[in-house]
Amino acid sequence: MQITENQDLTQYNTFHVPAKARYFVLVENKSELPQLIDFANHKQLPILILGQGSNVLFTRDLNMIVTKFNFSNLQITSQTHDSTIIQVQAGKIWDNFVAWTVENNLYGAVNLSFIPGTVGAAPVQNIGAYGTEVAQIIEKVEVFDLQTLNFTEIHKQNCQFAYRSSIFKTQLKNKAFITSVTFKLSKKPYFNLQYKDLQHLKNNPGLNLQLLRQTIGQIRHKKLPDPKTIGNAGSFFKNPIVSKEQARQLKDRWPQMPQYQLNNAVKIPAGWLIDNLGLKGYKMGQAAVYQHNALVLVNLGNATGKQILKLANFIIDKVFEIYKIKLEPEVNIF
């Protein structure tokens with residue numbers, strides 16, 4: 001376990017905004033976690049587990065113990081004729097794992113290609129893209145309980161997975177750390193092409209996992225800026241879910257508004273709501289709405305976290321004023 005004081009976090013968040021951590025800890029092995037808890041108790045400070053910093057916005061210095069997991073092993077635990085079970089430690093870069101599944105001709109994860117973050121962060125948000133959610137391939141999640149200091153497994157049916165949510169984001173927030181995730185992937189070829197920009201692949205005789213991953217990479221590149229070039233955290237807002245009655249009223253006023261039917265509600269693209277207000281490309285100092293995707297907020301160079309949050313709150317207020325819909329950030333704000 002490596003401990004640094006007053007660590008600059010600029011390089012540890014994809015918005016590239018300046019902030020300092022009172023303590024910064026690198027955990028090399030999950031067996032060091034009781035030691036981390038002892039340190040936190042001694043300092044009487046909370047712990048923040050940081051993956052790739054791709055889903056956070058720092059608006060201040062953090063009087064916390066910011067922690068990164070460096071353990072990232074991958075192990076096949078069992079196989080059948082049809083499927084493979086893989087346990088992956090929390091510190092592994094998510095897209096490195098997806099690339100591994102593609103190289104090994106395992107089906108189920110490819111639509112989640114190029115999403116930044118770590119394996120340990122994936123279940124928390126129930127990350128999703130192009131018609132797939134990570135909940136669809138998770139078998140179980142191993143966690144370290146901060147009260148009992150024991151490792152326990154939570155099976156998928158008990159993870160309370162929902163749209164961009166899970167038990168790890170609600171009941172178990174600040175009560176347990178994810179240390180590994182076990183996935184079940186198919187050996188049988190199948191491709192999820194329901195997303196409109198993927199449907200052209202249905203008639204492609206050369207369709208394989210590599211081609212699908214490459215196509216998803218091209219789509220993401222067009223819609224999302226590379227954090228290495230332009231500071232951002234991907235989609236900043238969740239797509240709001242409204243009642244069927246509110247959706248009908250909105251459709252009457254804005255017939256062109258896209259709407260997606262859920263069981264007893266309707267999902268509306270937050271990006272469309274923002275774009276329809278003419279805010280794509282809108283700037284507030286060095287913070288801006290990305291010119292190619294209204295769902296993404298960007299750091300044009302020297303923005304602070306507070307400036308990006310000010311822009312986000314401006315958008316939330318405008319959307320509520322016009323549509324009576326309250327946008328919620330997908331990004332975790334500190």
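Every number here is computed from the coordinates shown, using simple stated rules; none is lab data. The structure displayed is predicted, hence computed values, not measured ones. Ideal geometry is used to build each Cβ from the backbone, glycine not excepted, and the neighbour counts take in all protein chains shown.
Amide H contacts for F237 (H built 1.01 Å from N in the peptide plane; partners 5 or more residues away or on another chain; cut-off under 5 Å): E330. Projecting label points 7 angstrom from Cα along Cα→Cβ for K244 and R60 puts them 4.5 nm apart.
Length gained on full extension, N174 to Q11, computed as 0.36 nm times the residue gap minus the Cα-Cα distance: 56.3 nm. Computed from the C-beta positions of H42 and K306, the FRET efficiency with R₀ = 35 Å rounds to 0.65. You can think of it this way: the chain between S165 and D226 has 19.5 nm of extra reach, that is 0.36 nm per residue less the Cα-Cα gap.
With r defined as the distance between the Cβ atoms of H292 and N158 and R0 fixed at 41 Å, what FRET efficiency is calculated, to the nearest 0.05?
E between H292 and N158, to the nearest 0.05, is 0.55.
Annotation: amide H-H contacts under 5 Å for A109 (H modelled 1.01 Å from N, sequence separation of 5 or more, or interchain): none. Annotation for region 233-303 versus region 48-116: alpha-carbon center distance of 28 Å. This structure gives Cα extents along the principal axes in Å, computed directly, and of (i) 58, 52, 37; (ii) 70, 42, 39; (iii) 142, 48, 37 that value is listed as (i).
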